[in-house]
Each structure stands twice: as structure tokens, then as C-alpha cells.
Amino acid sequence: MATDGQIVRQLRDIRTELTPGGEPPALVAAFATGRGRLGVLAELAAQQQRIITSDRRSLLLLATRCADAPLGAWFAALADGESAALDTLPALGSACGLSAEAVARPPMPGCQAYPAYLAWLALNGRPVAVAAALVANFAAWGRYCAALAEALRRHHGFEDEACAFFDFFGRPATGLERAAAEAIGAAGLTAPETDAAREYGRLLQAYEQLFWNTLAELPGNWLDERKV
């Protein structure tokens, strides 16, 4: 029987193991130094519209798969969070020059790999291991979002409403981690669950990096060379 504290430590160990080292993605680093152009974030907002809609459904499916366990409520709460995040996207897109008509841009394969894999996990993954992998991934995603929110305020004068999307995801993952530990319960993370969480987490992190790299490879110059 594992205590909540022991499960939190298990989750943090997995997060530490899977968290990318080194520099942040090139796009995030460019905005942090004031060299990013807003057009690329307009594409980010358009792609996130698809991603969040898909992820919300995947999380609801996971909630259904473990509806009789506390973990079901945890996944449902994540889905509610996706709904809240979706409401913040129009302000970000508008501030970055994305018109209402352009929101329905074609999906970019490199950006949509993450939600496609989460949809696979919703059908085939071990729910406890999926929860652990998501907690690990949210930590890295959250750092990048927090960095972008700060950069947009500092270098582009964005107001809170325009930064709300990145603020939402940029909050520390500590509370999410503790809620996950409580939802996983006394059984804790068994060896098979831990192995599966590492596998899922590595792929989620890889698809996360592919998302950022795909945006960085957009045609045209999204880097302001005058500020290099």
C-alpha cells in the first residue's frame, strides 16, 4: 500500500527522468530574447484549436474507462481544463494577427502527432501509466508556456487576456501532481505501470518537441534578424 507522498515521489522521479535537458525549443528561446515574430504564434493558436479539441475528447474517453475510480474524475477535470484553455485561444490568435476565418487552417502533421498519440493512449494505454506520463509532460510544456507568456508581455506589450492561454498552462504542476497521486490511490505505480509510463512519456515528449520544431520550420522568416 503506497501513501500519497510515496506516489508523488514516484511521479516526480518519472518527471525528472523524462524532462528534456538543455536549451528550450528554438522558437521559445527566440521569443524569450525578443526575436520571435508573432506570425508563428498565430499558427500555434490555429493548431492548438485542433489539438485541444482532440485532447479533450481523449481525456473524456480515459475518464470513461475508469469512471468507477477516482482517476476517472481526475481525467474529467483535465478535460474541463482543456475546455477552459480553448476559451482563451481567440484572444491569443487575435493578438497575433489570426483572423476568425483563418482559425480553421489545415492541420500540420508535426503539430498534430501529439494529439494523435494521446488519442491512441485513450484507447490502448494503461490509465494509471497515462496519468503519470501526462503529469511528466505537462511540466515541460508548462515551462515553455510560462516563458512565452513572460516574453509576450515584456517584448510585445501583450495584456493579460492575450497571454491567458500561456498563463493557464504555465502554472506550476505541483497541484496536478498531488491530485494525480490521490487519484491513483494506495495501489500506487506498480513496476509494469512505471515501465509503461516511461514509454508513454518518452513518446509524448518526442511529439511535444516535434510540435515546436514544426512551427520553427514554417516557411518564411519568423525570426527577427534585426534583434540577433
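A Cβ distance below 7 Å, combined with a sequence gap of six or more or placement on separate chains, defines the contacts here; from the stretch 58-69, residues that are under 14 Å from I184 (Cβ atoms) and assigned to a helix (DSSP H, G or I) reach residues that are open to solvent by 20 Å² or more (accessible area, probe 1.4 Å) and not small (G, A, S) in the pairs L62/P127.
Among the residues that make up the stretch 90-110, is at least one of them of a type in the set (S, T, Y) and within 18 Å of the chain's Cα centre (by Cα)?
no
In this structure, G175 does satisfy being within 20 Å of L11 (Cβ to Cβ) and either surrounded by fewer than 18 Cβ atoms within 10 Å (Cβ to Cβ) or β-branched (V, I, T) (or both). Among the conditions (1) farther than 30 Å from E193 by Cβ; (2) modelled with pLDDT of 95 or more; (3) not small (G, A, S), Q112 misses just one, which is (1). If the condition is being in a helix (DSSP H, G or I) and crowded, with 16+ Cβ neighbours inside 10 Å, then the stretch 104-118 contributes G110, C111, Q112, A113, Y114, P115, Y117, L118. Kindly indicate whether any position in the stretch 148-155 is open to solvent by less than 50 Å² (accessible area, probe 1.4 Å) and either of a type in the set (D, E) or within 14 Å of the chain's Cα centre (by Cα) (or both). Within the stretch 148-155, one or more residues are open to solvent by less than 50 Å² (accessible area, probe 1.4 Å) and either of a type in the set (D, E) or within 14 Å of the chain's Cα centre (by Cα) (or both). Can we say A84 is at pLDDT 95 or above, surrounded by 17 or more Cβ atoms within 10 Å (Cβ to Cβ), part of a helix (DSSP H, G or I) and not acidic (D, E)? So A84 fails the test. Would you be able to say whether some residue in the stretch 183-196 is under 18 Å from the mean Cα position of the chain (by Cα), at negative phi and in a helix (DSSP H, G or I)? Scanning the stretch 183-196, I find no residue that is under 18 Å from the mean Cα position of the chain (by Cα), at negative phi and in a helix (DSSP H, G or I), so the answer is no. Only one of the numbered conditions (1) over 29 Å from A63 (Cβ atoms); (2) buried (at least 17 other Cβ atoms within 10 Å of the Cβ) is violated by D160, and that is (2).
Among L92, L61, L121, which is the only one that is aliphatic (A, V, I, L, M), open to solvent by 30 Å² or more (accessible area, probe 1.4 Å) and modelled with pLDDT of 95 or more?
L61
Tell me, yes or no, whether the stretch 159-172 has at least one residue that is modelled with pLDDT under 95 and not small (G, A, S). Checking the stretch 159-172: at least one residue is modelled with pLDDT under 95 and not small (G, A, S). Entry remark, the stretch 1-41: residues being surrounded by fewer than 21 Cβ atoms within 10 Å (Cβ to Cβ), of a type in the set (G, A, S) and under 21 Å from E217 (Cα atoms) number 6 in total. Find the residue count for the stretch 140-171, including only residues that are part of a loop (DSSP other than H, G, I, E, B) and aliphatic (A, V, I, L, M). Number satisfying all stated conditions: 0. Among the residues of the stretch 1-51, those identified as without any contact (Cβ under 8 Å) to a residue 40 or more places away in the chain, under 20 Å from F169 (Cα atoms) and part of a helix (DSSP H, G or I) are T16, A29.
The values are calculated or read from the model by the stated rules, or taken from the named source; none is laboratory data. Note that the structure is predicted; figures quoted are calculated from it, not measured. Glycine also receives a Cβ, built like all others from the backbone with ideal geometry; neighbour counts cover every protein chain displayed. Note: areas computed on protein heavy atoms with side chains; ligands, DNA, RNA excluded. Shrake-Rupley method; radii C 1.70, N 1.55, O 1.52, S 1.80 Å.
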